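S.K.: Quick one: the structure is below, questions incoming.
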Amino acid sequence: MIQVKKFVFNSFQVNTYLLYDETRECVLIDAACSEPEEEIELTNFISYHQLKPVRLLSTHAHIDHILGNAFVASRYGLRLEAHADSTRYLKDAPAYAASFGMRLSSVQMPEVFLTDNQVISFGNSRLKVLETPGHAAGSLCFYNEEVPFVVAGDVLFYQSIGRTDLPGGNYDLLKNSIWGKLFVLPDHTLVYPGHGPETTIGSEKVDNPFVAIG
């Protein structure tokens, strides 16, 4: 069964997730570490638990979520896996980073393009790719049916949703992504968002002031 470790990185307080199972193979989702001490925290956890990183995944390519991709890719010999539409943001990433006073010495471009309903494997575990645009072009969520849980990026938060006033954002599109891809999951599905605390699909269907249906 998949174990989930959450790290909170950089000044935007991004949730980076490390998923691993009994084989000790692991995947990293949204590597957002931007400072040396954050890189050390991440690598020390991997070393202490004797984990083997095998995949580097991206929910979306806004600047706050991609700051550690180049470091992780280089350190563990991984290729970035993301939606093809994420490249539009990555090409402009150095300028965005500079505008926020952040350092971004190199940008990792995706080498593997993920598509809707694709199944990602690592160890004995599986994640289903859910295409969920609206916050950003090429936004993806990663769903595990066994636990169940979904890593939702900036699509769905505890009693909130992702911003839609950024390039590629669209409220109606985001609402339809949430209703059509996330709210059809079992109510007890854990939601691991890109920022803030965990929630469940069932509670957001009832209480989320932006997209509740119950």
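S.K.: Considering every residue within segment 193-207, establish whether at least one is buried (at least 17 other Cβ atoms within 10 Å of the Cβ) and in contact with an Asp or Glu (Cβ under 6 Å, 6 or more places away or on another chain).
M.R.: Yes; the residues of segment 193-207 include at least one that is buried (at least 17 other Cβ atoms within 10 Å of the Cβ) and in contact with an Asp or Glu (Cβ under 6 Å, 6 or more places away or on another chain).
S.K.: Need the failing condition index for HIS188 against (1) within 20 Å of PHE9 (Cβ to Cβ); (2) in contact with a Ser or Thr (Cβ under 9 Å, 6 or more places away or on another chain), just the number.
M.R.: For HIS188, the exception is condition (1).
S.K.: Any residue in segment 74-87 that is within 14 Å of LEU140 (Cα to Cα) sitting within a Cβ distance under 8 Å of a residue that is part of a helix (DSSP H, G or I) and of a type outside the set (D, E, K, R)? List the pairs, counting only those 6 or more apart or interchain.
M.R.: LEU80/ASN69; LEU80/ALA73
S.K.: Would you pick out the residues in segment 165-181 that are surrounded by 17 or more Cβ atoms within 10 Å (Cβ to Cβ), at pLDDT below 95 and touching a helix residue (DSSP H, G or I) at 6+ places or on another chain (Cβ under 9 Å)?
M.R.: The one that is surrounded by 17 or more Cβ atoms within 10 Å (Cβ to Cβ), at pLDDT below 95 and touching a helix residue (DSSP H, G or I) at 6+ places or on another chain (Cβ under 9 Å): GLY168.
S.K.: Related question: For segment 177-214, name all the residues that are farther than 12 Å from TYR158 by Cα, in contact (Cβ under 8 Å) with a residue 40 or more places away in the chain and either aliphatic (A, V, I, L, M) or in contact with a Gly (Cβ under 7 Å, 6 or more places away or on another chain) (or both).
M.R.: SER177, ILE178, LEU182, LEU185, HIS188
S.K.: Ok, one more. Which one of these does TYR17 not meet: (1) under 22 Å from LEU166 (Cα atoms); (2) of a type in the set (Phe, Trp, Tyr); (3) under 14 Å from the mean Cα position of the chain (by Cα)?
M.R.: Status for TYR17: all satisfied but (1).
S.K.: Grab the strands (runs of 3 or more DSSP E) fully contained in segment 1-49, keeping just those with 3 or more residues being surrounded by 15 or more Cβ atoms within 10 Å (Cβ to Cβ) and touching a Pro at 6+ places or on another chain (Cβ under 8 Å). Please lay out each step first, then the result.
M.R.: Values: elements: 3-9, 14-20, 25-29.
Fully inside segment 1-49 and qualifying: 25-29.
S.K.: For segment 86-134, how many residues are over 15 Å from HIS62 (Cα atoms) and either at pLDDT 95 or above or in a helix (DSSP H, G or I) (or both)?
M.R.: Adding up the residues that qualify gives 21.
S.K.: Count, please, the residues in segment 150-181 that happen to be in contact with a Lys or Arg (Cβ under 9 Å, 6 or more places away or on another chain), within 12 Å of HIS195 (Cα to Cα) and part of a loop (DSSP other than H, G, I, E, B).
M.R.: The qualifying residues number 2.
S.K.: From the list VAL206, VAL184, VAL147, which one is assigned to a loop (DSSP other than H, G, I, E, B), of a type in the set (Val, Ile, Thr), at pLDDT 95 or above and farther than 29 Å from ARG75 by Cβ?
M.R.: Numbers: VAL206 fails: assigned to a loop (DSSP other than H, G, I, E, B); VAL147 fails: farther than 29 Å from ARG75 by Cβ.
Going through VAL206, VAL184, VAL147 in turn, just one is assigned to a loop (DSSP other than H, G, I, E, B), of a type in the set (Val, Ile, Thr), at pLDDT 95 or above and farther than 29 Å from ARG75 by Cβ: VAL184.
S.K.: While we're looking at this one, here's another question. Of everything in segment 87-101, what is surrounded by fewer than 18 Cβ atoms within 10 Å (Cβ to Cβ) and not hydroxyl-bearing (Ser, Thr, Tyr)? Give them in sequence order.
M.R.: ARG88, LYS91, ASP92, PRO94, ALA95, ALA98, PHE100, GLY101
S.K.: Are there any pairs with C-beta distances below 8 angstrom linking a residue in segment 111-136 that is within 23 Å of ARG24 (Cβ to Cβ) and free of Cβ contacts under 8 Å to residues at least 24 places away in the same chain to a residue that is charged (D, E, K, R) and surrounded by 14 or more Cβ atoms within 10 Å (Cβ to Cβ), with the two at least 6 apart or on different chains, and if so which?
M.R.: VAL119/ARG126; VAL119/LYS128
S.K.: Can you tell me which residue is nearest to VAL54 (Cα to Cα) among those in segment 103-115 that are touching a His at 6+ places or on another chain (Cβ under 9 Å) and not hydrophobic (A, V, I, L, M, F, W, C)?
M.R.: The initial filter retains those residues of segment 103-115 that are touching a His at 6+ places or on another chain (Cβ under 9 Å), namely 110, 113-115.
Pick out the ones that are also not hydrophobic (A, V, I, L, M, F, W, C) and you get 110, 115.
Values: PRO110: 15, THR115: 19 Å.
In this case the residue turns out to be PRO110.
The values are calculated or read from the model by the stated rules, or taken from the named source; none is laboratory data. Bear in mind the structure is a predicted one, so any value in this text is a computation, not a measurement. Don't worry about glycine lacking a Cβ; one is built from the backbone with ideal geometry, like all the others, and counts go over all protein chains shown.
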